[in-house]
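Q: Provided herewith is a single structure, encoded as structure tokens, for subsequent inquiry.
All of the numbers you see were taken from the coordinates with simple rules; none came from a lab. Here the structure is a predicted model, which means the values were calculated and not measured. A quick note on method: Cβ atoms are made from the backbone with ideal geometry, for glycine too, and the neighbour counts reach across all protein chains shown.
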Amino acid sequence: AGSRKALPVGIPPYLAVITEPDACIDALRVEATFQAIANAVSTGQVSLVSVRLTRPIDKVEYQAIFDRALVLTQRLVQLADEVNTFRVVCSSDWIELARQALAH
């Protein structure tokens, strides 16, 4: 985390991309979400990607979604670190996800 470059502030307006609440319901949605976000950030116009997911109550379902969300978020953070044009954050009810994925 210490080797990250500062995100250039740029000129407003700033654009955020927010995941669909069911973006990690299965592996196909995870991949589709990643591809859609990768396409959006490739424009250089996106400043922030927010991982906002519905948090399941069932513990088994929660763990499965958490595991897929972790993969998605780690891939997004890696992409953000490579291109250095946007940052990744997670909604407040997914703090552990943000911590494990090293979200910004």
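Q: Rank by packing, highest mean first: peptides 72-83, 18-29, with packing defined as the count of other Cβ atoms within 10 Å averaged across residues.
A: Numbers: 72-83: 18.5, 18-29: 15.8.
Highest-to-lowest ranking by the protection proxy: 72-83, 18-29.
Q: Going by Cα centres, the range 23-54 and the range 78-95 are how many Å apart?
A: For the range 23-54 versus the range 78-95, the Cα centre distance is 11 Å.
Q: What nm value, rounded to one decimal, do you get for the distance between Ser50 and Ser92 when each label is placed 7 Å out toward the C-beta?
A: Here the answer is 1.2 nm between the modelled labels.
Q: Which whole-Hz ³J(HN,Hα) couplings does the range 74-89 yield from phi under the Karplus relation 6.51 cos²θ - 1.76 cosθ + 1.60, θ = phi - 60°, glycine and proline marked x?
A: With coefficients 6.51, -1.76 and 1.60, one gets 4, 5, 5, 5, 4, 4, 4, 5, 6, 8, 6, 10, 8, 10, 10, 10 Hz.
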